[in-house]
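Asker: Could you have a look at this structure, given as C-alpha cells, before my questions?
The values are calculated or read from the model by the stated rules, or taken from the named source; none is laboratory data. For clarity, every value in this text was computed on a predicted model and none was experimentally measured. Using ideal geometry, Cβ is built from the backbone for each residue, glycine included, and neighbour counts are taken over all protein chains shown. Surface accessibility is based on the protein's heavy atoms, side chains included, excluding ligands, DNA and RNA. Shrake-Rupley method; radii C 1.70, N 1.55, O 1.52, S 1.80 Å.
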Amino acid sequence: MRQIIISIYFLAFALTANAQLQSPNQFLSHNLGEQFTEHVMLVNYFQHVAANSDRVQLQEFGRTNQERPQVLAIISSSDNMQRIEEIRLNNLRNAGIENGLTNDPNPISFVWLGFSVHGNEAAGSEASMQVIYDLANPTNAETSSWLENTVVLIEPSVNPDGYSRYTSWYRQASPDLPDPEPHAREHNEPWPGGRVNHYCFDLNRDWAWATQVESQNRIKIYNDWLPHVVADLHEQYYNAPYYFAPAAQPYHKYLTQWQSDFQVEIGKNHAGYFDENGWLYFTKEVFDLFYPSYGDTYPCFNGAIGMTYEQGGHSRAGRAIEMPNGDTLTLYDRVAHHTTTSLSTVEVSSKNAGRLVQNFKDYYLNSKNNPPGKYKTFIVKASNPAYKLTTLTSLLDLHDIHYGTATKTSSSVSGFDYFTGKEGKINISEGDLIISANQPKGLLAQVLFEPEHELIDSLTYDITAWSLMHAHGLEGYATTKSIESSQGYSVPENKAVKAVQKTPYAYLFHWNSMRSAKLLGELLKNDLLVRSAQSPFAVEGKTHAAGTLIVTKADNRKNADFDKTVLAAAAKYGADLMTVETGFTTQGQDFGSSAMRLITKPEVLVLSGEKTFNNEFGQVWFYFDRDIDYPATIIDADQLSRFDLDNYNTLVLPEGSFNFNEKALEKLGKWTSAGGRIIAIGAANRSLAGKDGFALKKYAKDEDEKAAKTEAEEIALDHRTAIYKDRVRVSVTNNMPGAVVRAKMDNSHPLGFGLKDYYYSLKTSPARFDLLKNTWNVAYLEEEYLSLGFIGSNLKKKLNNSAIFAVQSKGRGKVVYLIDNPLFRSFWEEGKLVFSNALFLVN
C-alpha cells in the first residue's frame, strides 16, 4: 500500500512539475538565436528544467578556476530516473569496472553530449537548452519513446570560463541589431579569446593528460558513467558547411570495426535530416581519430563511439555574418543545426540500444582478455624519483587504470627499453610498478604507454607520439609478456628528516623532479639563500649529483626561523630532506667553493598579449601559478619598450611573434649584458634569431644557407611536375604535426641537471637552427637520431645536427634558447624540469 501511495504522489508531483516546465524562449529574456546567453543564465535554465521535470537530474561535479559550476544533466524516462543509480552501476558492471553481473534484462544506451569545449564556439551551449527541453518535454512523444531505453548526459558548457569570456564580451561589444559585415567589431574577438579556459589551455586537447581542473573534474564523472556514444559539439570557420561523422583518416589502429561502422550509421541518420532541410554538410574529412586526448578519441579508447560535430561559426560569426556565397549565417541557423544532430544522435542510440550495449561489453571483455597492442605489460622502475611515481599513479587513478607491484626479480625477460629505444633483455626488480594491459582499461593503458603508434595516414593535425614514459622522464620497459604482480602500489616514502635537535651545518635536497623545483621556489620566496652543486660531490659517506640543493647555516645565519622554514618547505612538498654536519667533502668541492653556486632569486617578468600565442602563454602562466606557485609579473608585450626592466632579472618570452625593433633589441641586449636572463620558448626564438648580439642563427655558415637555398630550388622544381591531387601530401614532407625525438643532453650543464644524457623532446614545430657558435648547445639532435611519430621525410634529414636547447653567455647575463617548447600543454613533465633549470639554475 505504501508503494502505491508513493507512486501516486510522484505522479501528482510529475504532472504539476511538467506543467511548469518552460521552453528556453519562455524562460530567457531573449529567444534562442537572438542573443548569446551568459553562463549563469545557461545554468539557471538547466536548474529550472531539473526542478520541473521528473526526467532530469542536475549534478554539479566541479568548479572552474573562476569558480563557475560545471554541471551535468542526467535525462531519461521517469521510470528509469527512479532507479538511475542501479542503471548506472549495471553499465559499469558491463565494463567490468564494478563487480557483479548485470540484472537489467532490457539494454539501455548511454549518450553523452558535450557542448562548446571551445567557449567562443558558443552555438553549442545555446543549442543545449533546446536539446534538454525537447528531451524533458512530456508532450514530445518521439523523444519520450527514445528515453525509455536511453540515458542522455548533457554537459551544457564544457568550458564555462571561456564561454563566459566570449559571451560577456560579445554582449558588451555588439549593437542592438547584429551587423553581418565581417569587419565589424562584434566579429573580431580580442586576445586571448573565449576558445581557451582561464589559463588559456585548449580543453579539447586535455582529456588524457588532465592538467586542468575542468578536465580532472570531468574525467571523474565521465568514468562514473562510461557512455556508449559521445558527441563533442564544436564550431569551425564560418564559411564551412556542417561536419559530422564518420571521421577522417587516420583512425587509431586500436579502434574497432564496430566503432568505425556505427559512426557511418549515425552520419547517415544526420544526413537524412540535413537533406530534408537542404543544409550543406561534409563527412570523412579533416577531423581524424588518432591523438588520444580529444573529446572524441578519449571516449573511443574507453569503449564509446566518439565523434566531433562542427558547425560553421565560432567567434567570427556573431549573431549574423555574410558568407562568401552571399548568404547570411545566423545564430538561429547554428543552434538549429546543433540541435538536430544532438537529437539525431539520441535517436540512433535509442534504436540501437541492444547493439550498443553488446558491443560495449565486448570492447571491455576484449580489452581485458586480448588487448590489441604488442606490449602486454609496462614496467616502471621503483628507482625513479618518488615524485615522478606519485605523479604517474595519480594520473592512472584518475583514468581507472589499475597497477600493481612486481613480486620477484627477473633479468631473463625481453622487452623495449624506453631510454635506449631498443629491444633487448630487461631487468625487473621486486617492487617495480607494473601496469598490465589485461584489465578493463588495458587498451587505454596501451594507447598512453606504447612508445609509438602506427599511423596509416600522415595527414593528421596533432601530435603523433606521446608515451607517458617519455613525457614523465621515467626509466622503464614494455614487454610482450605478462609479469607477476600483486595488486596496488605504494610509492616508496622519502626518508626525510622531520625535525632536528640542533641546526645542522647544511640541509641537502636532491634535484631530480618537479618536487625539487617547487621546494626551491618555496625556499627562495622565504628569502633563504640556496646553493646548487655544479658537479657531483660526496660528503659523510654519500654521493650527490650535480644540481643538489645546499642550504647552509652560514648563508642564512641572519634568518631567525631558518630551521623552521626549511623543515616546513620540505614537509609541504614531501621532499627528501637530508642533513650534514660538515661542509668538508671527500669528493668534489667543499660547500664554500664557488662551485657550490649561490642561486639568484628569480624576479620574473613574462610577456603576454596579442604578440604571444594564447595557449603557449597560458602554459607559462600555469607553470608559475599552479606548477610551482612562484610569483611572476605579467605585462603586455607592447609595454616592453617603455617598461623599466631594472626590477627584474628574468624575462620569459612565451611562444609568439614579437618582431622586436632595433630599439627594443638594444634595450634587451644591454639589460642582459648587465646580468639579466632571457628565456625564449619555441617560436619566440625567431624574434632573436639573426639579430646582433644574439648567437641564434638559422644557418651557422654561409655555405649552409646557400646549400639550403639550392635544396629548396630543387624541391620547387620537383613540385613543378607534381600531381595536383597530391599537393597536400607533398607539403607534409617538410612538416610535422608533432613527434618525439631523442636529443643528446649535456647533463653536466645546469640546464641539464637532474636529467639523463639523452632527453626525449616533444618537437611540435619544423623550426630548425644550426648548432650555435660560442654557445653551450646543451641538447641537440645528432647526425643519426631516434624519432617516434611522424616527421616529413625531407624535414627528418634537415633536423640532424640542430639545436634543441642552448645557453648563450652575454656579458654578465644569459640567453636561454628553448627551441622545443618544454611546457607544451603542460603534460611533458620532464620538460617542466628543463624549464625549471632555465629559471633557477642557469644564472
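Asker: How much of the calculated P(r) for segment 559-630 lies past 17 Å, in percent of all Cα pairs?
Answerer: 69 percent
Asker: Where does the Debye-calculated log10 I(q)/I(0) of segment 186-253 sit at q = 0.25, 0.28, 0.29 Å⁻¹, using only Cα point scatterers of equal weight, no solvent?
Answerer: Values, matching the q order: -1.23, -1.26, -1.27.
Asker: Just for the Cα atoms in segment 203-350, what are the lengths along the principal axes, largest first, rounded to whole Å?
Answerer: Here the Cα extents, ordered largest to smallest, are 44, 33, 27 Å.
Asker: What is the chain's relative contact order, in percent, from Cα pairs under 8 angstrom and six or more apart in sequence?
Answerer: Reported as a whole number, the value is 10 percent.
Asker: Using unit Cβ charges (K, R positive; D, E negative) and no other charged atoms, how large, in debye to the nearest 20, is the dipole of segment 759-843 about its Cα centre? Don't skip to the answer; put the middle values down first.
Answerer: On the way: 11 positive and 7 negative charges, 72 e Å.
About 340 debye.
Asker: Where does helix 514-525 land angle-wise versus the long Cα axis of the chain, in degrees 0 to 90, nearest 10?
Answerer: Between the helix axis and the principal axis of the chain, the angle is about 70 degrees.
Asker: If I compute solvent accessible area with a 1.4 Å probe over the protein chains, what percent of it on segment 331-461 is carbon and sulfur?
Answerer: 50 percent
Asker: What is the distance in Å between the Cα centres of segment 35-104 and segment 775-833?
Answerer: Distance between centres, Cα-based: 46 Å.
Asker: Next question, about the same structure. Cross-link candidates for Lys220: which lysines have Cα within less than 16 Å, leaving aside residues fewer than 8 places away along the same chain?
Answerer: Cα-Cα hits under 16 Å: Lys441.
Asker: A further question on this structure: Under 16 Å Cα to Cα from Lys810, which aspartates and glutamates show up? Leave out anything in the same chain fewer than 8 places away.
Answerer: Excluding near neighbours in sequence, the set is Glu666, Asp692.
Asker: Something else now. Excluding Ser125 itself, what net charge comes from residues whose Cβ is under 12 Å from its Cβ, given Lys and Arg +1 and Asp and Glu -1?
Answerer: -4
Asker: Taking each pair of distinct Cα atoms in segment 416-483 once, what is the resulting Kirkwood hydrodynamic radius in Å?
Answerer: Hydrodynamic radius (Kirkwood, Cα pairs) of segment 416-483 is 13.5 Å.
Asker: Excluding ligands, DNA and RNA, what is the solvent-accessible area per residue of the chain at a probe of 1.4 Å, expressed in Å²?
Answerer: Result: 40 Å² per residue.
Asker: Something else: Name the long-range amide H neighbours of Ala248: under 5 Å, sequence gap of 5 or more, or other chain; modelled H, no Pro or chain starts.
Answerer: Lys284, Glu285, Phe287, Asp288
Asker: So for segment 135-225, considering every pair of alpha-carbon atoms, how many percent are separated by more than 18 Å?
Answerer: Values: 2549 of 4095 pairs.
So the portion of pairs separated by more than 18 Å is 62 percent.
Asker: Identify the GluC sites (Glu not before Pro) of segment 418-453 meeting these criteria: DSSP loop state and at most 16 other C-beta atoms within 10 Å of the C-beta.
Answerer: Loop-located and lightly packed - Glu430.
Asker: Leaving ligands, DNA and RNA out of it, rank Arg686, Arg557, Arg768, Arg355 by accessible area with a 1.4 Å probe, largest first.
Answerer: Arg557, Arg686, Arg355, Arg768
Asker: Extension gain Asp561-Asn140, at 0.36 nm per residue separation less the Cα-Cα distance, in nm?
Answerer: 144.5 nm is the gain from fully extending Asp561 to Asn140.
Asker: Loop only per DSSP, at most 16 neighbouring Cβ atoms within 10 Å: give me the trypsin sites (Lys or Arg not before Pro) in segment 786-843, ordered by residue number. Present the calculation step by step, with values, prior to reporting the outcome.
Answerer: Working: sites: Lys796, Lys797, Lys798, Lys810, Arg812, Lys814, Arg825, Lys832; in loops: Arg812.
Sites meeting the loop and neighbour criteria: Arg812.
Asker: Compute the distribution of all C-alpha to C-alpha distances in segment 41-155, in bins of 5 Å from 0, and list the percent of pairs in each, rounded to whole numbers.
Answerer: 2, 11, 20, 22, 18, 13, 10, 3, 1
Asker: For segment 182-283, give the percent of accessible area contributed by carbon and sulfur heavy atoms, probe 1.4 Å, rounded to a whole number.
Answerer: On the way: 1720 of 3440 Å².
Of all accessible area on segment 182-283, carbon and sulfur atoms account for 50 percent.
Asker: I would also like to ask the following. Tell me the mean residue ellipticity at 222 nm calculated for the chain from its helices only (DSSP H runs of n ≥ 4, each -39500 (n - 2.57), averaged over every residue, nearest 500).
Answerer: Numbers: 24 runs with 271 residues, N = 843.
Value at 222 nm, helices only, nearest 500: -10000 deg cm²/dmol.
Asker: Please work out the C-alpha center-to-center distance from segment 188-227 to segment 458-505 and express it in whole Å.
Answerer: 24 Å
Asker: Would you mind computing the Rg to Rh ratio of segment 230-297 from its alpha-carbon coordinates, Kirkwood style for Rh?
Answerer: Numbers: Rg = 12.4 Å, Rh = 12.8 Å.
When Rh is taken as the Kirkwood radius, the ratio is 0.97.
Asker: For all pairs of alpha-carbon atoms in segment 494-551, what percent lies in each bin of width 5 Å, listed from the first bin to the last filled one?
Answerer: In order of increasing distance, the bins hold 4, 15, 26, 29, 20, 6, 0 percent.
Asker: If you don't mind, another one. At 25 °C and 0.890 mPa s, what whole-number value in µm²/s does Stokes-Einstein give for the translational diffusion of segment 741-805, with Rh from the Kirkwood sum over Cα pairs? If you can, show how the numbers build up before the last one.
Answerer: On the way: Rh = 12.1 Å.
For these conditions, the coefficient is 202 µm²/s.
Asker: Using the Karplus curve 6.51 cos²θ - 1.76 cosθ + 1.60 with θ = phi - 60°, work out ³J(HN,Hα) for each residue of segment 375-384 in order, rounded to whole Hz, and write x for Gly and Pro.
Answerer: Per residue, the Karplus-derived 3J(HN,Hα) values read 8, 9, 9, 10, 10, 10, 5, 5, 6, 4 Hz.
Asker: Can you list the chymotrypsin sites (Phe, Trp or Tyr not before Pro) in segment 545-615 that are in a DSSP coil and have 15 or fewer other beta carbons within 10 angstrom?
Answerer: Here the chymotrypsin sites (Phe, Trp or Tyr not before Pro) that fit, given the DSSP loop and packing criteria, are Phe584.
Asker: Follow-up. Classify the chain: rounded, prolate or oblate, from the alpha-carbon gyration tensor (a ≥ b ≥ c, eigenvalue square roots; a/c under 1.5 rounded; otherwise prolate if a/b is larger than b/c)?
Answerer: Judged from the Cα gyration tensor, the chain comes out prolate (a/c at least 1.5, a/b above b/c).
Asker: Let me see the P(r) profile for segment 459-545: every Cα-Cα distance counted, bins of 10 Å, each bin given as a percent of all pairs.
Answerer: Each 10 Å bin holds this share of Cα pairs: 9, 29, 29, 20, 11, 2, 0.
Asker: May I ask you to list the aspartates and glutamates whose Cα is less than 17 Å away from that of Lys518, ignoring any residue fewer than eight positions away on the same chain?
Answerer: Hits, sequence-local ones excluded: Asp527, Asp576, Glu603, Asp625, Asp627, Asp629, Glu829, Glu830.
Asker: Something else: Give me the tail of P(r) for segment 306-348 as a percent: Cα-Cα pairs with distance above 11 Å. Before the final figure, lay out each step's value.
Answerer: On the way: 614 of 903 pairs.
Of all Cα-Cα pairs in segment 306-348, 68 percent lie more than 11 Å apart.
Asker: For segment 367-392 and segment 234-292, what is the separation of their Cα centres, given in Å?
Answerer: 34 Å
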